[in-house]
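Accompanying notes for the structure given below.
The values are calculated or read from the model by the stated rules, or taken from the named source; none is laboratory data. What you see is a predicted model; the values in this text were computed from it and never measured. Backbone-built Cβ (ideal geometry, glycine too); neighbour counts: all protein chains shown. The area values use the complete protein model at the heavy-atom level, side chains included, leaving out ligands, DNA and RNA. Shrake-Rupley method; radii C 1.70, N 1.55, O 1.52, S 1.80 Å.
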Amino acid sequence: MRKLIVLSFISLDGVMQAPGDPEEDPTGGFKHGGWVFGYSDDVLPKVMVKQMSKPFDLLLGRKTYEIFAAYWPYANTSENPLAARINNAKKYVASKTLTRLDWNNSELIKGDAWNEIEKIKEQDGPEIQVHGSGNLIQMLLKQDLVDELWLKVFPITLGVGKRLFAEGTIPAGFKLLESEISPSGVIIASYERAGEVKTGSFGLETPSEAELARRKRLKEEE
């Protein structure tokens with residue numbers, strides 16, 4: 001089974017909308033596009049290069065696919081170490097509106113997207129990475145198809161915007177695999193799916209009737 005990994009930039013209050021550019025995704029009147037810019041440092045690019053150093057396929061929603069297809073094929077591969085890897089990767093695109101894909105090595109997911117994604121995971125091949133694609137991620141989480149979360153949590157609150165964990169996210173346990181903090185205060189943390197939510201109580205246990213009787217007897221004997 002191939003791993004499906006979500007890579008996401010999020011704010012402290014869980015917003016993932018338009019991290020890279022003011023015009024990236026103004027849906028809903030979002031006015032804070034490009035909010036990662038103020039926290040740029042040397043660590044984050046190195047982390048992204050490391051996380052994309054092994055072979056991978058991409059699973060993208062329509063909007064992220066269109067943003068990527070308008071940029072990466074024209075990026076200077078000698079200046080950006082990620083360009084060649086992204087351009088050469090197999091791109092699976094989940095969309096109900098697109099009818100053709102012009103970016104090389106791209107495949108449109110047809111029919112029942114969730115069944116098709118499950119079939120893709122069962123095929124031989126490298127890990128599957130999901131970048132951006134907020135609406136797609138919501139459904140992947142709801143269908144419990146996400147194996148790992150590679151998050152970059154920025155020290156900022158945005159108040160409004162599309163959130164990584166929105167309504168419909170199922171209760172799920174995760175295990176921390178690794179973490180570090182960049183010089184600008186970004187928490188870089190990777191998690192893997194790990195069973196169900198564990199619950200318990202720190203409250204005092206209610207004594208049994210026998211115990212209450214024992215305590216009463218000892219008090220009377222004092």
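Accessible surface for region 75-222, divided over its residues, is 64 Å² per residue with a 1.4 Å probe.
The slack in the chain from Lys142 to Asp13, taken as 0.36 nm per residue of separation less the alpha-carbon distance, amounts to 44.5 nm.
Scaling against 2.2 N^0.38 Å puts the C-alpha radius of gyration of region 105-152 at 1.17. Give me the percent of Cα-Cα pairs in region 1-129 that sit more than 26 Å apart, rounded to a whole number. Looking at region 1-129, the distances longer than 26 Å represent 26 percent of pairs. Taking 1.306 mPa s as the viscosity and 10 °C as the temperature, the Stokes-Einstein diffusion coefficient of region 123-203 based on its alpha-carbon Kirkwood radius rounds to 107 µm²/s.
Shown for the chain: the carbon plus sulfur share of the solvent-accessible area, taken with all protein chains present and a 1.4 angstrom probe, equals 52%. Taking each residue as 0.36 nm, the span from Asn135 to Thr77 lengthens on full extension beyond its C-alpha to C-alpha distance by 17.9 nm.
Checking [x] 14.9; [y] 18.5; [z] 12.8 against mean projected area of the Cα convex hull in nm² calculated from these atoms, the matching label is [y]. Here the label points at Leu176 and Ser40, each 7 Å from Cα along the C-beta direction, are separated by 3.0 nm in the simple model. What is region 30-79 by shape, rounded, prolate or oblate, if you read a ≥ b ≥ c off the alpha carbon gyration tensor as root eigenvalues and call it rounded for a/c under 1.5, prolate for a/b larger than b/c, and oblate otherwise? Note, shape of region 30-79 comes out oblate.
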